[in-house]
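Encoded as structure tokens, the structure appears first; notes follow it.
What follows is calculated from the coordinates using simple rules that are stated; it is not laboratory data. Quick caveat: nothing in here was measured; it's all calculated off a predicted structure. Positions of Cβ are generated from backbone atoms using ideal geometry, with glycine treated the same way; all protein chains shown enter the neighbour counts.
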Amino acid sequence: MSDLFGELRELVHTGMDAARAHELCALIERQRELDPESYRDVWIPYLTGVGRGWDFPLTTVHGLDTLATWSTIAPFARFRLSLRTSSPRLVKERLDSRLFPRVCALHVDGRRYLHRGYTYAHKISSSRSIATLDVLHLEDVTLGHDNVAKLLDTPHLTNLRELVLESHTAGPIGAAHIATSEALPNLRTLRLSYDELDDGTALAIAASPNLPKLGHLDVSGGELTQEGIDALRGARPTLHVVHTPWSATNA
């Protein structure tokens, strides 16, 4: 145990973060396999003490059974829940679970239900459980601009730090809803994929007083020009802008 515990102490005290979470998982799994009793009696109390304030997901789970297992293994941690090709009904069931407060990052893949954007937006925004989220990632959910507004019509996203919409049809109006919404005061990262985002709308996001902590804007596709990107940085000098043109996304 001493060698592994030494590795653990070194890992933790040199700076734990999301990038190193997989190392922690590997150590946990090795120790539980070698000596479950010492993991329970020594490791869990130690990690519970030093892990206060960790705001990254320890690992990714794909269902409630796995989330329940990991919640027992690592009661000091929070997790990323990735729901693959999940209907709005299944998403709502997960949001209503007593285990959901252990989730800090939610990834919903709606590719089999592309045109149920309103239902996704309604189910998610109406749930109090999303108040635990740091990250919300919607992939292949065709929201449309009206449903972006619906998604943000909630008081429960104020802790959100990263929003990823790979929705294909949010468009400039949907992006404008993000700029004018008061739901995202702690948002630091915004990723919009396959949107027709233009210079004016992107500038509205960068200049928005409702997004005071925004530091990273990532746009795939869209109609941003270099002049527009320069204007973004002028409006918010600390903003890091990543723009992948249509030609690159379709390559």
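For the chain, the longest principal axis of the alpha carbon atoms and the long axis of helix 226-235 meet at an angle near 70°. Rounded, prolate or oblate: which one fits the stretch 186-251, using the alpha carbon gyration tensor with axes a ≥ b ≥ c (rounded when a/c is under 1.5, else prolate when a/b beats b/c, else oblate)? Cα axes put the stretch 186-251 in the prolate bin. Its relative contact order, with pairs defined as Cα atoms under 8 Å and 6+ residues apart, puts the chain at 10 percent.
Need one number for the stretch 1-157: average projected area of the convex hull over its C-alpha atoms, nm². Result: 9.6 nm². From helices alone, the chain scores -11500 deg cm²/dmol at 222 nm; the rule is -39500 (n - 2.57) for each run of n ≥ 4 DSSP H residues, then divide by the residue total. Taking every alpha-carbon pair under 8 Å whose residues sit at least 6 apart, the stretch 186-251 reaches a relative contact order of 37 percent.
For the stretch 210-218, backbone phi angles converted through the Karplus equation (6.51, -1.76, 1.60; θ = phi - 60°) give residue-by-residue couplings of 7, 10, x, 9, 4, x, 9, 10, 10 Hz, Gly and Pro being listed as x. Once the Cα atoms are used to define both axes, helix 64-73 deviates from the longest principal axis of the chain by about 50 degrees.
Peptides 124-132, 215-223, 33-41 ranked from most to least packed give 215-223, 124-132, 33-41, packing being the mean of other C-beta atoms within 10 angstrom over each peptide's residues.
The value of relative contact order for the stretch 58-165, using C-alpha pairs under 8 Å at least six residues apart, is 24 percent. Computed from Cα atoms, the angle from the helix 171-180 axis to the main principal axis of the chain rounds to 70 degrees.
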